[in-house]
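Engineer: For reference, the structure I am asking about is given below.
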Amino acid sequence: MGKSTGFLEYKRELNPSADPKERIKNFNEFHKQLPGEERRLQGARCMNCGVPFCQSGMTLNGMVTGCPLHNLIPEWNDEIYNSNLEHALARLLKTNNFPEFTGRVCPALCEAACTCGLNDLPVTVKENELSLIENGFEKGYVKPLIPEVRSDKKVAVIGSGPSGLAAADMLNKRGHNVTVYEKNDRIGGLLMYGIPNMKLEKEIVDRRIRLMESEGIKFVKNADVGNTIPAAEILNSFDAVILCCGAENPRDINVPGRNETNGIYFAVDFLTRNTKSLLDSGFSDKKYVDVKGKNVVIVGGGDTGNDCTGTAIRHGCKSVTQIEMMPKLPDERSADNPWPQWPRICKTDYGQEEAIAVFGQDPRVYETTIKEIIPDKKGSLKAVKTVMVKQERDPSTGAVSMKEVPGSEKLLDADVLIIAAGFLGSRKYISEAFGVELNQRTNVKTADGKYATNIPKVFTAGDMHRGQSLVVWAITEGRAAAKEVDEFLMGYSNMI
């Protein structure tokens, strides 16, 4: 512990953020790194706890708290304070393949469990992590790690999102010959098209892909395995296959007018078209969903709904409303949600901050759902009818259901409706092509804590396996699946 009183002497300081009204003028990232000395003091705030909950990744009260990757957080925070940044990065990369991704988009489960956060604000673990990897790329500490010895084993990874990339990275470093197949025209999966550019600039993804290519991993784009490429061809050509195709089957809303009205989009399609148009032509091809001057309604108050809010505002929407079925969470921890549990509190993310700055109010409407979609005479969306709902618990079974509040219907002007209501597992064609079984949640079925499917030499990881989740969980799953594949191929594994 480099600075035993650091948590008493220094206050938490975040990376500076551009003003909301300025940053909405483009799709660039809008945070700047703290200067080196200030970052050093943020590392000094780490208490080097005897029991570091930050790296625990444990489940408390049904929610995970602490880092699922078990990052060695106190170790590299100490090295940051002592200015040993290359060594700090080496410790970070032992457990996290892609700190440049988690340092930007992870909700920081580690910080929720930080002991410093019990009586003060937690350590800036996420931003410390990001500073290490960005400094590493800048100073040349991040170099291609090419295996000195190659095995004769060939592994196909289907899907190039964070779980697929993590699995590929681990297996390649072990010396296996890895080919990653991606159905889209760019590598990255969720990282490329599911997360907006202002949250994760795509050059960051491309930079990592270039590094992995230099290390010997092969990437095949526009390769829709199970569709344009038969599953049998993959099974016949490789010694092991890992399905990392994500949970791309969006949850729909079943209300009158849904199938008869134009102007309704799933969030994943809305975000994908936006980012692809930005990268292809800077929006000049007009292939994105144009919401300029339009009233936008978003179903879903989570991270994806927030990304849609920020995207709509950048395109100059007339208004934006996020409809959330659940009640607003408290602003501070409740008595039944103590540290180090994940804090169930209301958080205002960047898109909501921008809506408040532009429109003068939070875009979220709670305990509300859409009851009807109303088109105009030409079939284009004109309005949505909303209704308030309340949670009710059945006294005999304990089951909770949502009940409409009589007389609470309202009409809300809407030109574009975006459905960000979550996902229902992977696309069926890929699981059917390989013949893998699904569980009741429509995720690929495996034994608990395992990644092998019912089909010999076929494994799975990431959202396709656990359901819609976080990038940090996808990386965790990719690493674990890679170890299981390595054991399958070699009879043992020395992976961490």
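The values are calculated or read from the model by the stated rules, or taken from the named source; none is laboratory data. Computed from a predicted model, the values in this text were never measured in an experiment. Virtual Cβ from ideal backbone geometry, glycine too; neighbours counted across all protein chains shown. When the accessible area is computed, the model is the full protein with side chains, heavy atoms only, and any ligands, DNA or RNA have been set aside. Shrake-Rupley method; radii C 1.70, N 1.55, O 1.52, S 1.80 Å.
Engineer: For a quick check of your reading of the model, give me the residue pairs whose first member lies in segment 210-237 and is in contact (Cβ under 8 Å) with a residue 60 or more places away in the chain, whose second is open to solvent by 60 Å² or more (accessible area, probe 1.4 Å) and part of a helix (DSSP H, G or I), with beta-carbon atoms closer than 7 Å and at least 6 apart or on different chains.
Structural biologist: Every condition considered, the pairs that remain are 226/429; 227/429.
Engineer: List, please: which pairs have Cβ atoms under 9 Å, are six or more places apart or on different chains, and start with a residue in segment 248-275 that is of a type in the set (Asp, Glu) and end with one that is exposed (fewer than 15 other Cβ atoms within 10 Å of the Cβ)?
Structural biologist: Going by the 9 Å Cβ cut-off, the qualifying pairs are 260/379.
Engineer: Given the condition farther than 22 Å from residue 144 by Cα and within 23 Å of the chain's Cα centre (by Cα), answer yes or no: does some residue in segment 88-105 qualify?
Structural biologist: Residues of segment 88-105 farther than 22 Å from residue 144 by Cα: 104-105.
So of that shortlist, the ones also within 23 Å of the chain's Cα centre (by Cα) come out as 104-105.
Yes, segment 88-105 contains a residue that is farther than 22 Å from residue 144 by Cα and within 23 Å of the chain's Cα centre (by Cα).
Engineer: Taking the conditions exactly as written (surrounded by 14 or more Cβ atoms within 10 Å (Cβ to Cβ), in a strand (DSSP E or B) and out of contact with any Cys (no Cβ under 8 Å at 6 or more places or on another chain)), does residue 417 satisfy them or not?
Structural biologist: yes
Engineer: Out of all the residues in segment 198-238, which are of a type in the set (D, E, K, R) and within 18 Å of residue 159 (Cβ to Cβ)?
Structural biologist: Hits for segment 198-238 are 202, 206, 208, 213, 218, 221, 224, 233.
Engineer: Something else now. For segment 225-265, what are the residues that are surrounded by fewer than 16 Cβ atoms within 10 Å (Cβ to Cβ), closer than 30 Å to residue 290 by Cβ and of a type in the set (Asp, Glu)?
Structural biologist: 252, 260
Engineer: Return yes or no: is residue 446 of a type in the set (Val, Ile, Thr) and touching a helix residue (DSSP H, G or I) at 6+ places or on another chain (Cβ under 9 Å)?
Structural biologist: For residue 446, the condition - of a type in the set (Val, Ile, Thr) and touching a helix residue (DSSP H, G or I) at 6+ places or on another chain (Cβ under 9 Å) - is met.
Engineer: Output the residue which, of all residues in segment 186-195 that are touching a residue at least 40 places away in the same chain (Cβ under 8 Å) and not aromatic (Phe, Trp, Tyr), is most open to solvent (accessible area, probe 1.4 Å).
Structural biologist: Filtering first and then ranking leaves 190.
Engineer: While we're looking at this one, here's another question. Only residues in segment 351-365 that are closer than 17 Å to residue 297 by Cβ count as the first member; pair them with residues that are open to solvent by less than 70 Å² (accessible area, probe 1.4 Å) and modelled with pLDDT under 95, Cβ under 8 angstrom, at least 6 apart or cross-chain, and list the lot.
Structural biologist: That search, which allows pairs on different chains as well, returns 364/301.
Engineer: Looking at segment 1-115, what helices (runs of 4 or more DSSP H) fall wholly within it and have at least 1 residues that are touching a residue at least 60 places away in the same chain (Cβ under 8 Å) and open to solvent by less than 50 Å² (accessible area, probe 1.4 Å)?
Structural biologist: Because the criterion is at least 1 residues that are touching a residue at least 60 places away in the same chain (Cβ under 8 Å) and open to solvent by less than 50 Å² (accessible area, probe 1.4 Å), the helices (runs of 4 or more DSSP H) in segment 1-115 that meet it are 6-9, 20-23, 36-44, 73-81, 99-105, 109-112.
Engineer: Identify the residue in segment 320-368 that is open to solvent by 50 Å² or more (accessible area, probe 1.4 Å) and either touching a Gly at 6+ places or on another chain (Cβ under 6 Å) or acidic (Asp, Glu) (or both) and, among all such residues, is nearest to residue 53 (Cα to Cα).
Structural biologist: Across segment 320-368, the extreme among qualifying residues is 336.
Engineer: Please go through segment 457-478 and pick out each residue that is touching a helix residue (DSSP H, G or I) at 6+ places or on another chain (Cβ under 7 Å) and among the small types (Gly, Ala, Ser).
Structural biologist: Correct list: 461, 462, 469, 474, 478.
Engineer: Which of the residues that make up segment 298-327 are under 22 Å from the mean Cα position of the chain (by Cα), hydrophobic (A, V, I, L, M, F, W, C) and part of a strand (DSSP E or B)?
Structural biologist: 298, 299, 323
Engineer: Please go through segment 266-285 and give me each residue that is part of a helix (DSSP H, G or I) and either open to solvent by 30 Å² or more (accessible area, probe 1.4 Å) or in contact with a His (Cβ under 6 Å, 6 or more places away or on another chain) (or both), ordered by number.
Structural biologist: Across segment 266-285, the qualifying residues are 268, 269, 272, 273, 276, 278, 279, 280, 281.
Engineer: Condition first: on the phi > 0 side of the Ramachandran plot, open to solvent by 30 Å² or more (accessible area, probe 1.4 Å) and either among the aliphatic types (A, V, I, L, M) or touching a residue at least 40 places away in the same chain (Cβ under 8 Å) (or both). Now tell me which residues in segment 436-476 satisfy that.
Structural biologist: 442, 457
Engineer: Shifting gears a bit: Only one of these conditions is not met by residue 256: (1) under 29 Å from residue 431 (Cβ atoms); (2) in a loop (DSSP other than H, G, I, E, B). Which number is it?
Structural biologist: (1)
Engineer: Considering only segment 116-125, state which residues are buried (at least 22 other Cβ atoms within 10 Å of the Cβ) and part of a helix (DSSP H, G or I).
Structural biologist: 125, the sole residue that qualifies.
Engineer: Let me ask something else about it. Counting only residues that are under 18 Å from the mean Cα position of the chain (by Cα) and of a type in the set (Gly, Ala, Ser), which one in segment 129-169 is surrounded by the most Cβ atoms within 10 Å (Cβ to Cβ)?
Structural biologist: Looking at residues that are under 18 Å from the mean Cα position of the chain (by Cα) and of a type in the set (Gly, Ala, Ser), I get 163.
Engineer: Sort out which residues of segment 291-319 are open to solvent by 20 Å² or more (accessible area, probe 1.4 Å) and closer than 17 Å to residue 357 by Cβ, and write them in order of number.
Structural biologist: 314, 315, 316, 318, 319
Engineer: Quick one: count up the residues across segment 145-156 that are among the aliphatic types (A, V, I, L, M) and within 17 Å of residue 487 (Cβ to Cβ).
Structural biologist: Here the count works out to 1.
Engineer: Could you grab me the full set of residues in segment 369-380 that are assigned to a strand (DSSP E or B) and open to solvent by 10 Å² or more (accessible area, probe 1.4 Å)?
Structural biologist: Of everything in segment 369-380, those that are assigned to a strand (DSSP E or B) and open to solvent by 10 Å² or more (accessible area, probe 1.4 Å) turn out to be 369, 370, 371, 372, 374, 375, 380.
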